[in-house]
There are 2 protein chains.
Amino acid sequence: MEQLIETEDFETALARRAREVEATLDRLLGSASLEGEIARPDELMRAIRHGVLGGGKRLRPFLVLETAALFDADDNAALRVAAALECIHCYSLIHDDLPAMDDDDLRRGRPTVHRAFDEATAILAGDGLLTFAFDIVADDATDLPAATRVRLVSAMARAAGVGGMVGGQALDLQAARIKPDEAGVVMLQAMKTGALIRFACEAGAAIGDASPGERERLSEFGQAIGLAFQLADDLLDATSSAATLGKAAGKDADAGKATLVSLHGVEWTRRQLAGLVDQATALLDPFGARAGLLREAARFVAMRSF
Amino acid sequence: MEQLIETEDFETALARRAREVEATLDRLLGSASLEGEIARPDELMRAIRHGVLGGGKRLRPFLVLETAALFDADDNAALRVAAALECIHCYSLIHDDLPAMDDDDLRRGRPTVHRAFDEATAILAGDGLLTFAFDIVADDATDLPAATRVRLVSAMARAAGVGGMVGGQALDLQAARIKPDEAGVVMLQAMKTGALIRFACEAGAAIGDASPGERERLSEFGQAIGLAFQLADDLLDATSSAATLGKAAGKDADAGKATLVSLHGVEWTRRQLAGLVDQATALLDPFGARAGLLREAARFVAMRSF
């Protein structure tokens, strides 16, 4: 019963944070402009809003916000960084859905950006969002010392770039052809989905001006739940239908891509997930009761698949 | 005769700077990695190198370097920012060349990235390059105060984003359909190509810790040669062959896109160009003889079309 109540609290908190992030994104996208901007590319901005607003659990922003909250950090700065990270996540979905990539028609139960608009606009919408993410973090309105902002820009670029998410996507493209072994699959996933989730926790620690030890701990927490997230995603892909998923299902198997589920089976993967949750929550011990929502987040990430 | 010698000096300097930038890009791309990166996406890195190295006049980096040199700025920092800006320029070319955009097979006389590799890799190569540009500027190795680095990140994001280059490209997509008037064409071009060129000059001023007055002057200089660059490009497109251009020619007219050349003719455009060069060089008067190469750059940008 206590477990149930905690879960409900978590989902309420997740939904509340998602609304805050949605409002922040809406406001930031409304103000997106160059000083001296002369013409407004309305179609592009509509495509960007389609790709960013109105959906998603906003898990990465939640992790930024709740990690920063461990240190009573300024909510405005954390919300801006959280929104920037969500821009990066959403740009990656827009480009990932393109015909030359995953060729998906549906995302969160709605048409993908290139279906609702066109391919060229979807490419530019992704490019614009990625660029905007750095604009948001670097701006003076992100009320953090310049040294913190520039460190966040640097860490975000690394998590999103050729050594992180984009590199992981490139490895994923080759995966059907090259058939990586188990270590290769783990590496690919750590880059493709793990890097941004880890960055979310590291960003919260940086915003909160955490000690080096706390930073390291939260980075490891992020790494553990990033891996859990991917395992849960693989389980979902292997066991769900498109109706529950809101997007095409069974794609990994169709594409001949190895996952830990295909290598080890569903039961093994569930046991791994439980181990990762234990590891993640143990990392939060020094933060005591304040880390309650982050502990629940770790369970939530893993439980999506049950 | 004096004019001829000056031009040779400029072209020697441009070529020398291009070699410096090429070496910097080569070195930076060779070191591109996440701390703890586990797998190297080799195909992606080859595609990125194909799109960035081995070509181009490196005009934007030249403007960063020579503007910074007015203030005896640190060459290492200026080279890194110059290389980052070139990454942004090259990413925009890679995405612009895609089938869904301009659908070009040739760039600088070589196959475009999506022709040499494939579309998905070209999309990711562009995404990776754009992200890497921010990584380069924000990194501690860019030996500038954190406040300067974060200001550069912010200005670069605005020049490249929805209120700058990407916004201009989106307006350009609609141009064949919507047929903007003369003011609309000027606005579109100021965003699409002008914003990055202006940023190049502003960045040099920021790296050199210029006074507010000097910054404003160099920003106006960048704006003037950005406009001149686009006029010269339109003239080239209207009057050249693919052989001299190294890429497809006459595309604007084919696409039904208005340019100032199509609206006013070649002679009018040449007079406009001459006026912009006078305006740009006059803005450099307070910098005296030190600004000789920048004056030549303004003439070079305009003379490409003669």
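Taken together, the values in this text are just the output of simple stated rules run on the coordinates, not laboratory data. Everything quoted here is computed from the prediction, not taken from an experiment. Neighbour counts are summed over all protein chains in view; Cβ atoms, including those assigned to glycine, are modelled from backbone coordinates with ideal geometry.
Worth pointing out:
- A label point on residue B:213, set 7 Å along the Cα-to-Cβ line, lies at 5.5 nm from each of its counterparts in the other copies, closest listed first.
- Peptide-level mean, for B:170-177, of C-beta atoms on other protein chains within 10 Å: 5
- Taken residue by residue and averaged, Cβ atoms of other chains lying within 10 Å of the Cβ of A:118-126 number 6.
- Cβ-placed point charges (K, R +1; D, E -1), dipole of the protein assembly as shown about Cα centre in debye, nearest 20: 480
- Sorting B:85, A:263 by the number of Cβ atoms found within 10 Å of their own Cβ, with the fewest placed first, yields A:263, B:85.
- Label point 7 Å beyond Cα along the C-beta direction, distances from residue B:141 to other copies (nm, shortest first): 3.3
- Number of partner chain Cβ atoms within 10 Å, mean per residue of B:180-186: 1
- Fewest neighbouring Cβ atoms within 10 Å first, the residues A:266, B:186, B:166 line up as A:266, B:186, B:166.
- Computed [θ] at 222 nm, helices only, for chain B once each DSSP H run of length n ≥ 4 contributes -39500 (n - 2.57): -23000 deg cm²/dmol
- Dipole of the protein assembly as shown, positive direction: furthest Cα of A:167, A:261, B:156, with charges on the beta-carbon: A:261
- Cα centre as origin, Lys/Arg/Asp/Glu Cβ charges: chain A dipole, Debye: 340
- Label-point gap, in nm, between residue A:53 and residue B:141 - each point 7 angstrom along Cα→Cβ: 4.1
- For residue B:9, inter-copy label distances in nm, listed shortest first [label point 7 Å out on the Cα-Cβ vector]: 7.5
- For residue A:179 and residue B:181, a Förster radius of 51 Å and the Cβ-Cβ distance give a FRET efficiency of 0.35, rounded to the nearest 0.05.
- Taken along the Cα-to-beta-carbon direction at a fixed 7 Å, the label points for residue A:11 and residue B:74 span 5.3 nm.
- Distant alpha-carbon pairs in the protein assembly as shown (separation over 41 angstrom), percent: 24
- Translational diffusion coefficient (Stokes-Einstein; Kirkwood radius from C-alpha pairs) of segment B:2-303 at 10 °C, 1.306 mPa s, in µm²/s: 81
- Residue order for B:179, B:57, A:192, fewest other beta carbons within 10 angstrom first, comes to B:179, B:57, A:192.
- Within chain A, the selection of entire DSSP H helices by a Cα span of 24 Å or greater along the long axis and an average Kyte-Doolittle value of at least 0.0 returns A:75-96, A:119-138.
- Count of Lys pairs (Cα-Cα under 19 Å; at least 8 positions apart or interchain) in segment B:2-303: 9
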